[in-house]
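Undergrad: Input: one structure, supplied below.
The values are calculated or read from the model by the stated rules, or taken from the named source; none is laboratory data. Remember, predicted model here, so these are calculated numbers, not experimental data. Positions of Cβ are generated from backbone atoms using ideal geometry, with glycine treated the same way; all protein chains shown enter the neighbour counts. These accessible areas exclude ligands, DNA and RNA; they are computed on the full protein's heavy atoms, side chains included. Shrake-Rupley method; radii C 1.70, N 1.55, O 1.52, S 1.80 Å.
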Amino acid sequence: MIVDGAHTGKDLEERFDAVVIGSGAGGAVVAKELAEGGMRVAVLEEGAHHKTTSHTDLPYEAISRLYRDKGFTTTVGKPAIPVPMGRALGGTTVINSGTCFRTPTKVLEHWERDLGLHSLTEASFNPFFERVEREINVVDGEFKVMSRANTIIHEALSKRGTPGKALKRNIRGCEGCGFCCYGCPSGAKQSMDVSYLPKAFLAGAKAFTNTKFERFLTEGRRVVGVEATFHRDSGPSTGHRLTIKAPLVILAAGTIHSPQLLRNNGVAVENRNLGRNLTLHPATKVFARFDEEVNGWQGTPQAYYSDLLKDQGITFEGIFVPPDVAAMTVPFVGRRLNEFMRDYKHMAAFGFLISDSSTGRVVRLPFVGTTVLYNFQEADIEKFRTAIAFLARVFLEAGANKVYTLLHGYSELSSEADIQRLEKGRLKAEDIDGMAFHPLGTCGAGRVARWDQRAGEGVMIADGSVVPESLGVNPQVTIAAFGLRAAEKLLESRP
Ligand SMILES: Cc1cc2nc3c(=O)[nH]c(=O)nc-3n(C[C@H](O)[C@H](O)[C@H](O)COP(=O)(O)OP(=O)(O)OC[C@H]3O[C@@H](n4cnc5c(N)ncnc54)[C@H](O)[C@@H]3O)c2cc1C
Ligand code: SF4
């Protein structure tokens, strides 16, 4: 059942066994598992419920409706990096690309060996991965629905003798329309709103949308419920409130918001790691102009990958944005922008993300509010240089007449000599025009949350914030597995 907070017209007071704050990759999983385990569960979601049939093929309209702050969330630092997040029933999974990876073995080994997180082993996580993958239908991607921008790279890497692979994706009957990041209009992408949450509702869970969690209700140090405000379609408050009494609160508001919500409520504030150790998987793309018409926005944009440089902390993945989004986001102006957009149908693109060694933190600044501080360290600048040079070479070998990068000072590369200039030249953090889609780590297990994901009496954490650090691959399956783990621990410990 879904109660739209925009239309309650009155204050509400209810009782549940558990309240989940946030309905994304972590929260939706906890809600379903607890509801199916026989608990009365409420889910609070600040965003609205957008039915599959309401998704449009107008990216800018979709970004305004489905993205937090209309997509304008960014870090403060060198360089400033946009960090888009979803705000909708289903969280960021509504606007993600549908790429699925398990937590890499090496990362789990590192957590166990170097961070002392002995309960986060591959053997203990494998059953969670299997269950999550079954629920969200993770399957091998199909070449027939890939954007041509992906197959150009596939052909070029195959010629080199080092082909990549089709990405695994959580889809059922994907038509390759290319709108994954703007809400899948056919419901093929098995985001939380079409996979886990309907099952949670079937098992009796109740979601409150347009409902913003504000504060915990406490008895002594113990959290015994929550207070939230109802909003008009993610806009101003309606003036009405929701009060829920519940002995258990699961915080799943995402990596940027969860530490701030704990801090606002005086939970775990004595822990100096709260809000720190933020990793982002900074990412960017490289465009390449071909004589052929690529029409890269047709077909699944993120469908192919290469882990050839994974030991250097680089994962290459397909990416493409529709022309209107490109025109607004590429750092070109005037005549260059005109030329770039005129040629857009001839452009291929491919991207990468890095496993960052830089870390940032989430703080609250006076007059500004929640702020993400993050600076690129030298090692990560070098990963960008290596990855961009690699992609430029592959594109030129594939027959591109020109490569466009989003690096200041090296924005056009047409020859091996240009690539070598990039490899040897000076590169500063401020020269990088990147983005980041995977914030993690601000309430890391073993640092802020305990090994069992508890952060205080009556509070557990089950979102990207609890993932200890950078994975080097897309995190939704890892986050969902942490959600499942949290739910299992709760159900086991129930009297
Ligand atoms: C464009 C894009 C593409 C991506 N592609 C992929 C991909 O292909 N594969 C992959 O693995 N990952 C991808 N990701 C990342 C992935 O989707 C996220 O890492 C994941 O969804 C995070 O899960 P979460 O539970 O931590 O938070 P979210 O899914 O962000 O959910 C948190 C929810 O909490 C809500 N919330 C916040 N504060 C409050 C409050 N005070 N009260 C009530 N509700 C609140 C938010 O509105 C949000 O809906 C992508 C991300 C983006 C932005
Ligand atoms: S390509 Fe289209 S049909 Fe396939 S998952 Fe993405 S939005 Fe859905």
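Undergrad: When the Cα atoms of segment 116-203 are enclosed in a convex hull and the volume is divided per residue, what value in Å³ results?
TA: 161
Undergrad: Hey, how much of the P(r) for segment 314-373 falls beyond 18 Å, as a percent of Cα pairs?
TA: Of the Cα pairs, 59 percent sit more than 18 Å apart.
Undergrad: Which sequence of M460, M341 reflects their accessible areas, 1.4 Å probe, from the largest down?
TA: Reading off the accessible areas and sorting them downward yields M341, M460.
Undergrad: Relative contact order, percent, of segment 341-495 when contacts are C-alpha pairs under 8 Å separated by at least 6 residues?
TA: Answer for segment 341-495 is 17 percent.
Undergrad: Sticking with this one: Can you compute the helix-only [θ] at 222 nm over the chain? Use -39500 (n - 2.57) per DSSP H run of at least 4 residues, normalise by all residues, nearest 500 deg cm²/dmol.
TA: -8000 deg cm²/dmol
Undergrad: Considering only protein heavy atoms and a probe of 1.4 Å, how much of the accessible area of segment 247-366 is carbon and sulfur, as a whole percent?
TA: 49
Undergrad: Over all distinct alpha-carbon pairs, what is the Kirkwood Rh of segment 1-156 in angstrom?
TA: 19.2
Undergrad: Here is a follow-up. Where both partners of a DSSP beta bridge lie in segment 314-423, what percent of those bridges are antiparallel, to the nearest 5?
TA: So the antiparallel bridges in segment 314-423 amount to around 100 percent.
Undergrad: Remind me, what semi-axes does segment 348-432 give for its equivalent ellipsoid, largest first in whole Å, using sqrt of 5 times each Cα gyration tensor eigenvalue?
TA: Square roots of five times the eigenvalues give 31, 13, 12 Å.
Undergrad: When only Cα pairs under 8 Å and 6 or more residues apart are kept, what is the percent relative contact order across the chain?
TA: 24
Undergrad: Additional query: Over segment 41-132, one equal point on each Cα, no solvent: what is log10 I(q)/I(0) by the Debye formula at q = 0.10, 0.14 Å⁻¹?
TA: -0.45, -0.79
Undergrad: Taking a spot 7 Å from the Cα of K10 along the direction of its beta carbon, which residues of segment 237-257 have an amide N less than 14 Å from it?
TA: 240-243
Undergrad: Given the pairs K32/K106; K165/K383; K168/K189; K51/K189; K168/K402; K78/K428, which are separated by over 19 angstrom at their Cα positions?
TA: K32/K106; K165/K383; K168/K402
Undergrad: Same structure again: How many angstrom lie between the C-alpha centres of segment 318-355 and segment 12-81?
TA: The distance from the Cα centre of segment 318-355 to that of segment 12-81 comes to 29 Å.
Undergrad: Compare W297, W111, W451 by solvent-accessible area with a 1.4 Å probe and give them largest first, with all protein chains kept in place.
TA: W451, W297, W111
Undergrad: Further question: Semi-axes, largest first, in whole Å: what does sqrt of 5 times each Cα gyration tensor eigenvalue give for segment 71-179?
TA: 27, 22, 19
Undergrad: Over the chain, average the accessible area per residue using a 1.4 Å probe and give it in Å², no decimals.
TA: I get 40 Å² per residue for the chain.
Undergrad: Once you sort the root eigenvalues of the Cα gyration tensor of segment 442-495 as a ≥ b ≥ c, which label holds: rounded (a/c under 1.5), prolate (a/b larger than b/c) or oblate (the other case)?
TA: oblate
Undergrad: May I pose another question? Mind pulling up the Rg/Rh value for segment 198-288? Radius of gyration and Kirkwood radius, both on Cα.
TA: 1.07
Undergrad: Among the lysines, select those whose C-alpha is under 18 Å from the C-alpha of K10, and discard any that sit fewer than 8 residues away in the same chain.
TA: K206, K212, K245
Undergrad: Ignoring ligands, DNA and RNA, how do E45, E219, E457 rank by accessible area with a 1.4 Å probe, largest first?
TA: Greatest to least solvent exposure: E219, E457, E45.
Undergrad: Sort 27-38, 173-184 by packing, meaning the average of other beta carbons within 10 Å per residue, with the highest value first.
TA: Listed from highest to lowest mean packing, they are 27-38, 173-184.
Undergrad: Can you tell me how much longer the chain between E130 and R421 gets when fully stretched, taken as 0.36 nm per residue apart minus their C-alpha distance, in nm with one decimal?
TA: Length gained, E130 through R421: 100.1 nm.
Undergrad: Also, I was wondering about something else. Any idea what the alpha-carbon Rg over 2.2 N^0.38 Å comes to for segment 347-495?
TA: Output field value: 1.38.
Undergrad: Of the accessible area of segment 1-152, with the probe set at 1.4 angstrom, what percent is carbon plus sulfur?
TA: C and S atoms contribute 52 percent here.
Undergrad: Using all alpha carbons of the chain, what is the percent of pairwise distances in each 10 Å bin, ordered from the shortest bin to the longest?
TA: All Cα pairs considered, the percentages come to 4, 20, 31, 26, 13, 5, 1.
Undergrad: I would also like to ask the following. So for segment 286-328, considering every pair of alpha-carbon atoms, how many percent are separated by more than 13 Å?
TA: Pairs farther apart than 13 Å: 65 percent.
Undergrad: Oh, and also: What FRET efficiency comes out for the pair L365/K159, r = Cβ-Cβ distance, R0 = 56 Å, nearest 0.05?
TA: 0.65
Undergrad: Rg and Dmax of segment 1-92, using alpha carbons, in Å: what are they?
TA: In order Rg, Dmax, the Cα atoms of segment 1-92 give 15.9, 48 Å.
Undergrad: Tell me, what are the semi-axes, in whole angstrom and largest first, of the equivalent ellipsoid of segment 237-396 as set by the roots of 5 times the Cα gyration tensor eigenvalues?
TA: Taking √(5λ) for each Cα gyration eigenvalue gives 39, 21, 16 Å.
Undergrad: As an exercise, identify the chymotrypsin sites (Phe, Trp or Tyr not before Pro) in segment 1-88 lying in DSSP coil whose Cβ has no more than 16 other Cβ atoms within 10 Å.
TA: F72
Undergrad: Please turn the phi angles of segment 463-474 into ³J(HN,Hα) values with the Karplus equation 6.51 cos²θ - 1.76 cosθ + 1.60 (θ = phi - 60°), one per residue in order, whole Hz, x for glycine and proline.
TA: For segment 463-474, the Karplus curve yields 8, x, 5, 8, 5, x, 6, 2, 9, x, 9, 4 Hz.
Undergrad: If r is the Cβ-Cβ distance from D307 to K428 and R0 is 30 Å, what FRET efficiency results, to the nearest 0.05?
TA: So, using R0 = 30 Å, E works out to roughly 0.60.
Undergrad: Let me ask something else. Counting only DSSP beta bridges with both residues in the chain, what percent are antiparallel, rounded to the nearest 5?
TA: Here the share of antiparallel DSSP bridges comes out near 70 percent.
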